Amino acid sequence: MKWASLHWFFACTLLLIALQHQKAWTWSTKPTWIQNVQNHFISKGSGSDASRFMATLFTGDKSRLRNKMKMKFKLLGLYHLFTPSGLHLTSLFLPLFFLLRRRSSKLLKFIAIILLLLPFTLEKFYSLKRMCIFHILKILFPGLSNRTIFILVFFIDFMRSGFSESPLSYALSFLFLGSIIFSKNFWHCLFMLFCSQMLVSGIFNDFFSPIGFLAGQILTTVFSALFPFLVLSTITFSGIDLIMSELFLSAINYTSVMISKTPVFQFPPLITFVLMGIFMIKHRLAPLLFALLILPSQLF
């Protein structure tokens with residue numbers, strides 16, 4: 001509990017520093033493959049939201065998304081789905097990671113490491129590269145704990161200019177991934193992620209919905225199960241990827257409509273710091289504080 005809270009406050013400090021050093025996120029020259037992938041999906045889906053969603057999933061470039069879709073994902077705390085990251089990587093590589101745990105052969109390790117090195121040939125994709133380093137270290141040093149690997153990953157990434165290239169991406173990865181790694185159990189992890197999302201929404205003056213946050217966790221799980229099939233369908237040109245994307249976006253639309261009927265808030269960052277401070281002093285109050293924010297707040 002103590003290490004999780006200390007990490008969270010350190011991550012918040014890092015986030016504030018990152019905000020002072022962040023540069024506008026733009027492609028110096030948008031790579032040809034980015035344009036080709038976007039044009040492929042958008043022409044394939046006749047410019048539908050599903051085609052734009054798929055184009056963003058595979059490129060990380062949000063410029064072709066409609067603002068209305070962006071707002072729905074922000075309301076549900078799902079904006080991270082647009083950026084290729086550890087969620088996408090773990091979802092896609094899960095069968096290979098499972099095989100490595102069951103049968104740790106040198107050939108499987110070699111194949112996994114080669115695949116995990118591929119993103120380093122691309123421009124940007126900072127969060128994805130950090131998670132690749134994380135899994136490479138887990139393969140090479142299976143005896144190390146996740147916390148130790150987490151610290152090594154961000155040290156290595158800092159030394160390879162990960163922070164200077166994109167301070168905000170570095171800080172947000174440190175905050176959210178660390179909230180998961182340092183959590184004691186599922187409920188503690190949920191509380192830490194709740195506070196992290198609440199803080200980020202406050203810093204960027206976005207509306208925050210406690211109920212929307214919970215709905216977003218369920219939809220994130222659904223996406224994790226769906227993503228490998230989206231990739232497989234795209235590779236095999238089966239055409240099912242757009243259908244699955246439309247179904248997922250329908251769930252997003254329906255959920256966002258329901259959430260929009262409940263109050264949403266703009267919590268000042270100070271409230272989140274106070275909440276976490278109370279948690280550090282008396283962590284048994286966390287379930288009560290969590291319930292007070294999610295349930296009665298919807299009545300105001």
Table column - 3J(HN,Hα) (Hz), segment 67-83, Karplus curve with 6.51, -1.76, 1.60, x for Gly and Pro: 4, 4, 5, 4, 5, 5, 5, 5, 4, 9, x, 10, 4, 5, 5, 6, 10
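Is segment 76-136 rounded, prolate or oblate when judged by the Cα gyration tensor, a ≥ b ≥ c being the square roots of its eigenvalues, rounded requiring a/c under 1.5 and prolate requiring a/b larger than b/c? Mind dumping the intermediate values first?
On the way: a/c = 3.33, a/b = 1.59, b/c = 2.09.
Here segment 76-136 falls in the oblate category.
If you average 1/r over every pair of different alpha-carbon atoms in segment 52-109 and take one over that average, what Kirkwood value in Å do you get? Write down the numbers at each step before the final one.
On the way: mean 1/r = 0.0752 Å⁻¹.
Radius from the Kirkwood sum: 13.3 Å.
Please calculate how many Å² of accessible area the chain carries per residue, with a 1.4 Å probe and no DNA, RNA or ligand atoms counted.
Working: 15580 Å² over 300 residues.
Value for the chain: 52 Å² per residue.
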MRE, 222 nm, helices only [DSSP H, n ≥ 4, -39500 (n - 2.57), over the chain, to nearest 500]: -23500 deg cm²/dmol
Along segment 87-101, Karplus-curve 3J(HN,Hα) (6.51, -1.76, 1.60; θ = phi - 60°) to the nearest Hz, with x for Gly and Pro, reads 4, 5, 4, 5, 4, 6, 9, 3, x, 5, 5, 5, 5, 5, 6
Lysine pairs with alpha-carbon atoms under 15 Å apart, segment 61-211, spacing 8 or more or separate chains: 7
In Å, the C-alpha Rg and Dmax of segment 67-175 are 15.1, 48
Could you tell me how far the Cα centroid of segment 110-145 sits from the Cα centroid of segment 34-48, in Å? 29
How much of the accessible area of the chain, in percent, comes from carbon and sulfur atoms when a 1.4 Å probe is used? 70
Can you tell me the Rg and the Dmax, both Å, for the Cα atoms in segment 193-258? 14.8, 42
Just the Cα atoms of the chain, one point each, no solvent: what log10 I(q)/I(0) does Debye give at q = 0.11 Å⁻¹? -0.72
What is the set of long-range amide H partners of Phe208 at a cut-off below 5 Å, with H atoms built 1.01 Å from backbone N? Phe265, Gln266, Phe267
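The values are calculated or read from the model by the stated rules, or taken from the named source; none is laboratory data. Computed from a predicted model, the values in this text were never measured in an experiment. What goes into the accessible areas is simple: the full protein's heavy atoms, side chains included, and nothing from ligands, DNA or RNA. Shrake-Rupley method; radii C 1.70, N 1.55, O 1.52, S 1.80 Å.
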